[in-house]
Amino acid sequence: MELNTVFDAVVEKCPGSVLQQAEQFDAHEITIAAEAFYEVMKTLQGDERCGYDMLTDVVGIDRLPRTPRFDLLYILLCSKDFSRLIVRLEVDDGQEVPSVSGIWNSANWGEREVFDLLGIKFSNHPDLRRILTWENFEGHPLRKDFPLLGKDFEKPFDPTTVQDYC
């Protein structure tokens, strides 16, 4: 899929939403303004010129000391021609991002993982709770300011605080 076609479809439905576009090594990438994020994602999935029908991954990157602190990458796939698109969103610490789990069901666990490991909250998420660490775990282990030995290294692990979800 041509990046220009995708770019035109997004700009038509959400003017001013694309902050940057790039193409290198057969990878297409667009950086989206935070206020237009959800509408752009709906366009990428629903517009016949785009047709990105699969969300393959959600990736969070801590860019400390840069502001905004985090990058969120949504990696999309069009199953018609197997083209991929990376949608980048820059997020500040404490800023909520609209969940796209209503557009792609596969976003559910990816967004939970980003929430758990980096602390980025997703509004309107159907089940935003920790997925890799236990419920009373303090902090977010993939943040650059998280202590290397863990926050409560001296505190003993209490297995009664871990919920069994099976």
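What follows draws every value from the coordinates through simple rules; no lab data is involved. Just so you know, these numbers come straight off a predicted model, no measurement behind them. All Cβ positions, even for glycine, are placed from backbone atoms using ideal geometry, and neighbour counts span all protein chains on display.
Among the residues of region 112-128, those identified as among the acidic types (Asp, Glu) and part of a helix (DSSP H, G or I) are GLU113, ASP116.
Under the condition of being more than 30 Å from PRO141 (Cα to Cα), surrounded by 15 or more Cβ atoms within 10 Å (Cβ to Cβ) and of a type in the set (Gly, Ala, Ser), the residues counted in region 15-54 number 2.
I need the full set of residues from region 74-87 which are free of Cβ contacts under 8 Å to residues at least 60 places away in the same chain and surrounded by 15 or more Cβ atoms within 10 Å (Cβ to Cβ), in order please. Across region 74-87, the qualifying residues are TYR74, ILE75, LEU76, LEU77, ARG84, ILE86, VAL87. Residues of region 71-103 that are within 22 Å of PRO126 (Cβ to Cβ) and either among the β-branched types (Val, Ile, Thr) or part of a strand (DSSP E or B) (or both): LEU72, LEU73, TYR74, ILE75, LEU76, VAL87, LEU89, VAL91, VAL97, PRO98, VAL100, ILE103.
Within region 33-55, the only residue that satisfies the criterion of being assigned to a helix (DSSP H, G or I) and of a type in the set (Lys, Arg) is LYS42.
Is it the case, given these coordinates, that ILE61 is of a type in the set (A, V, I, L, M) and closer than 15 Å to LEU76 by Cα? Before you say what the answer is, go through the steps one by one.
Values: of a type in the set (A, V, I, L, M): yes; closer than 15 Å to LEU76 by Cα: no.
No, not satisfied.
All but one of (1) under 24 Å from SER17 (Cβ atoms); (2) buried (at least 16 other Cβ atoms within 10 Å of the Cβ); (3) within 10 Å of the chain's Cα centre (by Cα); (4) in contact (Cβ under 8 Å) with a residue 24 or more places away in the chain hold for ASP57; state the number of the condition that does not hold. That leaves (2) as the condition not met. Residues of region 110-130 that are within 25 Å of ASP53 (Cβ to Cβ) and loosely packed, with under 15 Cβ neighbours inside 10 Å: SER123, ASN124, PRO126, ASP127.
When region 45-64 is examined, which residues are found to be within 15 Å of GLU12 (Cα to Cα) and touching a helix residue (DSSP H, G or I) at 6+ places or on another chain (Cβ under 7 Å)? Listed by number, the residues that qualify are ASP47, ARG49, CYS50.
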